[in-house]
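Beneath this line is the structure, given in structure tokens, with notes to follow.
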Amino acid sequence: RQEEIEGTILESSEPEIILIKLKSGYNIGIKKENIVNVEVLKQEKKKAKVKEIKQDKKLPQVDLIITGGTISSKLDYETGGVKWLTNPEELLAFYPELTEIVQVRKVHVPFMKASENMSFSDWKKIAEVCLESLNNKDVEGVIITHGTDFLHYTASALSFFLGKLNKPVVLTYSQRSSDRASSDARLNLICSAHAAISDIAEVVLVGHGSINDNFCYVMRGSKVKKSHSSQRDAFQSINIKPIAKVFSDGKIEKLISYNVRNNEKKIKLDAVYDDKVALIKFYPGMNPEMIDFLASKYKGIVIEASGLGHLAIDEAEKNLLPSLKKAINNGLIVCAACQTIFGRLDPLVYSPGRKLAKIGIIFLEDMLSETAYVKLAYVLGKTKDPEKIRKLMLTNMVGELNNRLQPQIFSC
């Protein structure tokens, strides 16, 4: 049975295979011996140099920081994969609507990395670039384009490093590359531009609020998590409502209170950290030797504990209590976060939790484990005193803790 297939021919590593990118975005390989005829419908032309984008000098100014990720990539017609945009102007060329809302004063490219390759030094570098923009009286806000997978770590780090802001710092993303017609980057960038000139002076993540192109959520950087691998609405506010809804026409619907813009205020960078910190998930059967190993290498660990904050102790075959007690007595800072995502820890409900609290584990209430990991490194960069560390970890610095959780948040 013969079948007609239309797509873009890509470079193939196997001479006997013709590789084709379909309109759906998927690639297929067909053996040459099975091909009856090939008809060239259009020859891919080498794209001309991107022209400088004309901008309206009357519009409010923002700075754009490009760090990598799918939003900063385009299709490579030779390999069928995606590659980094070679010129920041290309991003604006794909989305000219951005320049109808704001004037992009400056484009910063501190590095181009996938988010899984970033670490504290990269987050510090982004914070340094943000600081320059935030303290420039002509700049209304900052937009940062970033890979999705570990975007919430960067959002947390910037929240602590920059502290109480004077202007918006808006992180955004896309699940599909910018040159694809189905890219979610368009709405995310448009909504980010509106958020960047709003009065929401916080580190926020702006992204699709549904699988449709109808609105975006503005989410607090210390309370957001990637909760879907591929959907447009990949991120969700956890244990708190989003700060606002933002629409492509610029309408912003406030949902909770937030830190308000103050352009006269100057920001000081506080990008201190000690990255000898680990984040681990407790699981049934965990070997206490893992705690012993971490205690010999690290200064602090965050354990994702079960439910209200339990770990295997007492009658458990692999009792963690002796190893944890020894490690804490020898100076290891041990914090517990909730692995159920929604809800909060309460070690006082059952005896296992009370025993763990008694040996000195710091139970971090409703703080996200990713935020806890970043915060512990930040706090260890400030002090090594156990009591001061405990106090700071339980201090609500950038909205990472909630005093009261509302039942409806679970299904928000």
Item to complete: Please give the length that would be gained between SER351 and VAL109 if that part of the chain were fully extended, namely 0.36 nm times their separation in residues minus their C-alpha to C-alpha distance (nm, one decimal).
Response: 81.9 nm
Item to complete: Between beta-carbons, use under 15 Å as the cut-off and find the net charge around LYS226, counting Lys and Arg +1, Asp and Glu -1.
Response: -1
Worksheet item: So what does GLU289 come to for accessible area, using a 1.4 Å probe and Å² rounded to 10?
Response: 130 Å²
Item to complete: Could you work out the local net charge near TRP123, counting Lys and Arg as +1, Asp and Glu as -1, over the other residues with Cβ closer than 14 Å to its Cβ?
Response: -3
Fill in: Whole-Å distance, taken between Cα centres, linking the stretch 124-179 and the stretch 242-298
13 Å
Worksheet item: Which of these, HIS146, HIS108, HIS208, has the largest mean-square fluctuation under a Gaussian network model of the chain (Cα springs below 10 Å)?
Response: HIS108
Worksheet, complete the sentence: Restricting to lysines and to Cα separations under 22 Å from LYS23, and discarding same-chain partners fewer than 8 apart, the set is LYS31, LYS32, LYS42, LYS45, LYS46, LYS47, LYS74, LYS83
Item to complete: Calculate the dipole size of the chain relative to its Cα centre from +1 charges on Lys and Arg beta carbons and -1 charges on Asp and Glu beta carbons; express the result in debye to the nearest 20.
Response: 1220 debye
Practice prompt. Sum up the charges of everything whose Cβ sits under 11 Å from the Cβ of VAL277, counting Lys and Arg as +1 and Asp and Glu as -1, but leave VAL277 out.
Written response: +2
Fill in: Listed residue pairs exceeding 23 Å between alpha carbons, taken from LYS226/LYS382; LYS299/LYS326; LYS164/LYS223
LYS226/LYS382
Practice prompt. Using a 10 angstrom cutoff on alpha carbons, build the Gaussian network for the chain and name the most mobile of VAL349, VAL224, VAL139.
Written response: VAL349
Practice prompt. Set the Förster radius R0 to 60 Å, insert the Cβ-Cβ distance between LEU41 and ARG404 as r into 1/(1 + (r/R0)^6), and round the FRET efficiency to 0.05.
Written response: 0.45
Worksheet entry | Point-to-point label distance, ASP199-GLU132, nm (Cα→Cβ direction, 7 Å offset) | 3.1 nm
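The values are calculated or read from the model by the stated rules, or taken from the named source; none is laboratory data. Please read all numbers here as calculations on a predicted model, not as lab measurements. No Cβ is skipped: glycine too gets one built from the backbone with ideal geometry, and neighbour counts run over all protein chains shown. Side chains are part of the model used for accessible areas, which takes the heavy atoms of the whole protein and leaves out ligands, DNA and RNA. Shrake-Rupley method; radii C 1.70, N 1.55, O 1.52, S 1.80 Å.
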